[in-house]
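Everything on this sheet refers to the single structure shown next.
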Amino acid sequence: MIKEFYKDKVILITGTTGFLGKVVLEKFFRSLSDFKRIYLLVRPKKGTKPMDRINREILQSQCFDNVRGLPQFDSIVKNKIVPIEGDITKENLAINPKDREILINDLDIVINCAASVDFNERLCDAIQINYFGCLRMYQLAEECKNLKVFCHVSTCYVNSEKKGFIKEQIYDINEDSEELINRILRMTPQQQDEQLAQILGPWPNTYTFTKSMGERTLKKMRRPDIPVVLLRPSIIGASLQEPMQGWTDTFSAAGGLTLAGSLGIVNYIRGDGDYISDLVPVDYVSNCIIVATAIQAQTKKPDLLVVHSATSHNNPITWHQYMNECFKYLTMQPFQQQVFKPYIKFVANKKLYNALFFLRNDLPVRVLNKIAMIPGIGGPQMQKNAQKLQKINMRALSLGSMFEHFTNNEWIYESNQIYNLQAQMSQDEIKEFQFDAKTIDWPLYVKIYVYGMQKFILKEEVICPTQEKAPIIPKNNFTYFEDIKFAFLNGQTISHSDPNRLRYDTLNSNYVQDYIYSALNNDKGASGKPLDLVPKTYDSYMKQAAGYLGEMQAVIRPSAVRPMLWLLSKIWQRIYDQIIVNESGLNNLKQLLQKKDQGVILVPTHKSFIDFLLVAYIHYHYQMDLPFTCGEEQLFKIALIKFFLRSGGGFFQNEKLKNDKLFAAVMSGYIQALMGQNCAIQIFLEKKRSRSGKIQRPNEDLFDQILENYFIKNKSKDNLKDLKFVPITINYDIVYDGEQFPMELLGESKVEESFIRVLKQFSNLNKNIGKVVVKYCEPVSLEEYTARYLQSNKITKDTLIKSEEQMKHFITNFGQKLCQNQTDNLVIMITSLTASILLMHRKGISYDQLLQKSEWLFQEVQARNAELSFNSSPSSTMISTSLGYLGKFIDQKRNVFEPSVSAKKDYKNIVMLSYYRNNLTHLFINDSEIACCIFGFGSILDLSKNEIKVDELEQKYKYLQDLLSEEFVIRKTNKTKDNFLKNLEFMESRRLFTYDKTNQTLKMQLQDSKQQYGHSFLCHMLLPYIESYWLTFIYFISLDNRQAQIEENSLYNKIQWLAEALYDQGHVKFYESCMLESMRNAVKRYTQMGVLTQRTIIKKRQETYTYSLSEKYQDEANIEEFYEELVFYLPYPSSVNLPKIQNEIRKIMMSDIQLLPKL
C-alpha cells in the first residue's frame, strides 16, 4: 500500500538540510526509490549552484552513507532529484514564476519539514519561518493541479499552554490566530522583543507559539477537498535503526541537555525527574510522516488528520530514568571533552534550585576570580580559567532556563492514530516503516542516543551499544571505591575448583598410576638412569610425582587474586583507553563450561605477558571462573611473580623435565583432573610471544600431549569426552612489552626475566597505549574435526592412534586450523593502518597525505571483510592519536612524518613498525603474491603495452605461494583455478588492473596513480619476505666451500650479518628482511624443497643441526636456474644480478678481513 502509492509520484520536500528532513529523504532512497521525481526546496546562495549545495549539505551527509552504496543511488540523484531555489520566509516562497508553474503542473505530494526549532528565535523571524512558511507551502499545494495530499510537520508542544492529556486535535483558543499575528506584525521587532512575555502568554517560547498559530490558521484556510496531515512529533532524538543506529546531527532539544549533563556543565535542572520526558527516535517520526501522508491521500474523505508521533501515551520514560541510563553508558564511554564529573539532580523548588546553583557553580567561580587577582598567587592563566568557568556557568544557566518549562511540566499526548494507520498496513510494511512507540527498548535507545552524539557530531571513536563488543574498563566512576567494590566486595567466587581434589585426582589418575606400575616392572626408571640411582618403591615414585605436582600446580587463592584484580583495574584504567570484548563469544563459552561431557581449551594469540592477565580479568568481570593457564616457564622462575601467577591459575611446563616420563604423566593427570572439575584450560599454541606480529605455527608441547592423551588413553567410546577449543584473539594498539622484540629479531640475546626487570616495567605505566580488543571465536570441536579428518584421509581412528606419523600429521593440521581461525579473527587496529602507510613512505609523508592514504587503506581493509577496532573511516583525531602511540618509532619534521632512523641503532624502529604492519598481512597475502608476480613480468614485458597471460601468471603465483608456505599461517583460498580467477576478479573490482575474461589476459594502466599506489602497497607487504629468502639462498651459494656444514646455532647470525651489510650497500631495499624469523622459515622451506640438506649432530650432549647446499645445488646450472626463479619476484633485477651481487659480497668481505670467519 505504501510503496504502491509513492510509485511514479512527484514530491516536493522542504527542510531537507535539517535533521528530520534528511532522514525523510534518505528513506525515499532506501525504501521508496520508485518515485518519479523529488523536488527539494533550497535557499539560494550566492556563488553556489543549488545542486552543488544539495550534494554538499545533504547527500554527502553521513545520513546517506548506507544508501550511497546502493547501485541506483547515482542514477536517482542524476535523474530524479531536482533542486528548486526558494525561501519559505519570502512571499510566494521566492520561487521564480517558471519553476512555480512547473511545480503546479507536476506535483502530487507536498511534505513541509521546514522550520526553525530554535527556542530563542526572534519572534519576527519565527513568524516568517514557522507561521507564514507553513501557509505559503499550503498555498502552493492548493494551486497544484494533481495534488493528492499536503503534509505539514508541526510539534506536540503547540499545546504546551495546556497540561495533562492532549488529544490529537486542534484546540480552539480565545483569539483568532490570524488577527493575533496581524496585531503582532503591526509592532516593530523591537516592540515585539520588549513585549515578548505578554505576547507569548502561556507558550514557553517563540517556537511553540508560532507553530501553534500556524496550525490554527491552516485549519481555518484549508480547502475541504484537499487531504491534509498535521504530523506532530514530540522531542525528536537520534535514530534507533535507520539510516544507521544513533544518527543525529544536532544538539537541539534533549540532545543539548544530555550533552551539558554528560560533560558535567549542568548539574542541577529545575523540574521534576519523575515527569515524563517525551522522546521519540527520528526514524519513527520519518516513517510516520511517510505512512500518514500515503494513507491520508488514499482515504475517501479528504479531511485534516492530526497524528502524534510521541511516546508518553504508550511507552513513557521519565527524566530520571533517561538520565540514569545515560550515566550507565557514560561509565564506560564518557565524552572525551568532559569538563566535570557528570551528574544531574532535578530540583522542583525554584529557591532551592537557585541556592544550589549558587553554591555549586557561581560561588566557586567568584572565589577563583578573587584569588586570580591577588598578586603573586593569581595570574593571567588563572584569570583565563576563571573566565572560562564563568562562561560555562552562563551556558548552564541558559540551558536550565530553556528547558525549565518542559522538565517542570508533564503532558501525555494521545497516540491512537498510529494504530489506526498500522491497521491499514501489511506486516511487512509495519516492519519496514516502524513507528510504534511500544517497540522502543528505552535502556538500549538512550545508550544509542548518547553514542550517536559522540560518534556523528563530536566524531569520537566509540562502540555502538548494539554491537557484540562491549567496553569493560570504567572511565567514569560516579561513586567512590568502585575498584575496591569490584575486586573485594561483589561476593563473586574466583574459582569453583577444589585444589585438594585436583591433587588427589592427579596423583591417582590412570596416567600416573600406569607409569609407576610400568616403571616398577622395568629395568630402568623414570629418567632412563640405572636402577640404583632411581626410586624403587611405589611410595618413592608417588613422592616424586607429588613433588613435581607441587612445583607446577596452580592453587587459586582468592586472598592473592583480589588484590591483583584491584591493581589490574587501576593499571588498565591508566594505560588503556579501553578494553573491548565480544560478549557473544563469551556467552558461548559460558554455555560450553556448563556442559559436563566435554573439556574446554582456550587458545589465545600470544603477543604479550599481559595476555594471561587480560583473560583472567575478563573472566572475573563476567563472573566466570578463572582459567588455568600454562604459561612461559621464564616468569615462574621469579619467586614473587610465581606466587601470584600460580594463585591466579597459572602452571607451567618444566623444560628441564621435558623428557621425564613421570613428569609428563603428572601433567597429563593434572589436565584430566582439571577437565573433570569443568575448569577451562588455557594454552598458548605459539608458546612464545610473537616477535614479528604474525600468528606463529603451533609449538606448544602441552597441546600435542592433550591431543595424544585424548586418543591414546581413552580408547573406549564411553569414556571419550569431546574437547572444545576456543580460539581467542588479543589485539593491541600498542603491545606493552613489545619494544624488546626488534632486538631479538635482529640477533640480540633474549633478556632474561627478573624481578628487577619486572619492576622496571612499572615505569611505563604513565603512558597511554590505546585500546585492546579481545575476541572470543567460535569453538572448534575436536570430535567433529576428527570425523572430517578421518573421512577425508580415508583412515580409521585405530589407524590414527597406532600410527605415530599419522598422529603427528593430525596434530599439526589441527593446530594449524586453530591458528588459521585466530588469523581469520584478528581485529585490525588503527596503529596497523598508520604503520603500514608510514612504511610505504620511508622518506616522509605529510599529515594530509597520511590521512588520505589511511582512508584508502581503510576502504581496502573493509573490502576484504576484515573486522576493525573502529567503525568509521579514520578521522584526523584517530590518526593523530595513532601517531602518538607510535611516537617512539617515528620522527616529525614540521608536518612530515617518517620512520625514525637517524643512526644504525634506530633500524629497530623499522622492525617495530613492520611488527604492527604485519597484523594486516593475512588480508592482503593472496593479492600481494599476485601483485609481485605482475611486477615480475615488468622485467620481461613492457606493461604499458603488453598484456599478461593469466596461465603464465598463475604458474608464477603458485611457485611463490609454495615458496612462502612456511611464512604465513593462513587459510589457503586459492588452491583451485576457480578461486584464483575469483581473486583476479576481486582485484579488478579494486581497480588494480583490467581483466579480460574472454582472452584470459591482464592489462595494467600505468598512468593510473591509484592503481600504481595499490600495486606498490601490495608489493611492499611481501617484498621484505622475498628478500629474506633471497638473502638466505645468496648466503649459501656465496660460500667458498659450498659443501660446508654450517651449524644452526651460528647460521642465522651469519646470514643476518650479510643481510645488514648488503642493506648498507643499498642492495637490500627493506631492512625488515634482515629479521631472523623469516630467515629461519627460509632455511626450513629450502630444506623441504631439497635446496638444503639438514644433518643431525650431537654437540655437548645436545642434539643440533647443520645445513649445507644439497648435492643438486652444487651444480652451477641448477643454482642459476633457481636464482632466476627467485629474483623474478624482485622489482629491481639489475641490482641482484648473480655475478654482480657475488662480486659485491667479495668486496664486503675484503673491506674488513676480521669479518671473514662469519662466512
Report task. For segment 330-339, state whether one or more residues are assigned to a helix (DSSP H, G or I), in contact with a helix residue (DSSP H, G or I) (Cβ under 8 Å, 6 or more places away or on another chain) and at pLDDT below 90. Result -> yes
Report task. Can you tell me which residue among Y1113, Y1071 is of a type in the set (F, W, Y) and under 30 Å from G693 (Cα atoms)? Result -> Y1071
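Name the residue, out of L839, L886, that is buried (at least 18 other Cβ atoms within 10 Å of the Cβ), under 26 Å from R991 (Cβ atoms) and out of contact with any Phe, Trp or Tyr (no Cβ under 7 Å at 6 or more places or on another chain).
Criteria check complete, one pass: L839.
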Query raised in the report: So is A423 touching a residue at least 40 places away in the same chain (Cβ under 8 Å), under 26 Å from P243 (Cα atoms) and among the aliphatic types (A, V, I, L, M) or not?
Result: no
Query raised in the report: Any residue at all in segment 275-284 that is farther than 20 Å from N408 by Cα and surrounded by fewer than 24 Cβ atoms within 10 Å (Cβ to Cβ)?
Result: no
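Filter segment 3-30 down to residues that are of a type outside the set (D, E) and touching a Lys or Arg at 6+ places or on another chain (Cβ under 7 Å), then give me how many there are.
3
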Query raised in the report: Of all residues in segment 1009-1033, how many are of a type in the set (D, E, K, R) and surrounded by 15 or more Cβ atoms within 10 Å (Cβ to Cβ)?
Result: 1
Report summary line: Reported set for segment 158-167 where residues are among the hydrophobic types (A, V, I, L, M, F, W, C) and not in a helix (DSSP H, G or I) is F165, I166
Query raised in the report: In the list F810, F741, F725, which residue meets the criterion of being crowded, with 20+ Cβ neighbours inside 10 Å, over 22 Å from S584 (Cβ atoms), assigned by TED's automatic domain parsing to the domain that holds R574 and modelled with pLDDT of 90 or more?
Result: F810
Query raised in the report: Is it true that some residue in segment 1029-1043 is in contact with a Ser or Thr (Cβ under 7 Å, 6 or more places away or on another chain) and within 23 Å of R1146 (Cβ to Cβ)?
Result: yes
Query raised in the report: Pairs under 9 Å by beta carbon, first residue under 15 Å from L839 (Cα atoms) and outside the structural domain of L745 (by TED's automatic domain parsing) in segment 1070-1082, partner among the acidic types (D, E) and part of a helix (DSSP H, G or I), six or more apart or different chains?
Result: F1070/E1027; Y1071/E1060; E1072/E1027; S1073/E1027
Requested in this report: Identify, from the list I127, I81, I170, the residue that is in contact (Cβ under 8 Å) with a residue 12 or more places away in the chain and either of a type in the set (D, E, K, R) or within 30 Å of K36 (Cα to Cα) (or both).
Outcome: I81
**Report entry** Where R1085 falls short, out of the listed (1) modelled with pLDDT of 90 or more; (2) of a type outside the set (F, W, Y); (3) outside any helix (DSSP H, G or I); (4) buried (at least 19 other Cβ atoms within 10 Å of the Cβ)
**Finding:** (3)
Report summary line: Taking segment 30-52 and keeping residues in a helix (DSSP H, G or I) and buried (at least 18 other Cβ atoms within 10 Å of the Cβ) leaves S31, P50
**Report entry** Residue satisfying all of: in segment 571-590; part of a helix (DSSP H, G or I) and of a type in the set (S, T, N, Q); nearest to G770 (Cα to Cα) among these
**Finding:** Q573
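Of all residues in segment 957-1007, which are assigned to a helix (DSSP H, G or I) and either more than 29 Å from the chain's Cα centre (by Cα) or of a type in the set (K, R) (or both)?
Within segment 957-1007, Y957, K958, Y959, L960, Q961, D962, L963, K977, D978, F980, L981, K982 meet the criteria.
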Query raised in the report: L960 passes all but one of (1) aliphatic (A, V, I, L, M); (2) closer than 30 Å to E1111 by Cα; (3) in contact with a Leu (Cβ under 8 Å, 6 or more places away or on another chain); which number fails?
Result: (3)
Query raised in the report: crowded, with 21+ Cβ neighbours inside 10 Å and out of contact with any strand residue (DSSP E or B) (no Cβ under 6 Å at 6 or more places or on another chain), is that true of L257?
Result: yes
Query raised in the report: Is it the case that some residue within segment 391-400 is closer than 30 Å to F357 by Cβ and in contact with a helix residue (DSSP H, G or I) (Cβ under 6 Å, 6 or more places away or on another chain)?
Result: yes
Query raised in the report: Among all residue pairs at least 6 apart or on different chains, which show Cβ distances below 8 Å where the first residue, located in segment 806-823, is β-branched (V, I, T) and the second is part of a helix (DSSP H, G or I)?
Result: I811/F703; I811/D704; I811/L707; I811/E708; T823/H922
Query raised in the report: Do the conditions hold for I317, that is, is it farther than 30 Å from V581 by Cβ and in contact with a helix residue (DSSP H, G or I) (Cβ under 6 Å, 6 or more places away or on another chain)?
Result: no
Report summary line: D74 meets each of (1) out of contact with any Cys (no Cβ under 8 Å at 6 or more places or on another chain); (2) crowded, with 18+ Cβ neighbours inside 10 Å; (3) within 30 Å of A238 (Cβ to Cβ) with one exception, condition (2)
Query raised in the report: Pick from segment 368-423 the residues that are crowded, with 16+ Cβ neighbours inside 10 Å and of a type in the set (V, I, T): which of them is farthest from A348 (Cα to Cα)?
Result: I418
Requested in this report: For A348, indicate whether it is aliphatic (A, V, I, L, M) and at pLDDT 75 or above.
Outcome: yes
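The values are calculated or read from the model by the stated rules, or taken from the named source; none is laboratory data. Since we're looking at a predicted model, the values are computed, not measured. Don't worry about glycine lacking a Cβ; one is built from the backbone with ideal geometry, like all the others, and counts go over all protein chains shown.
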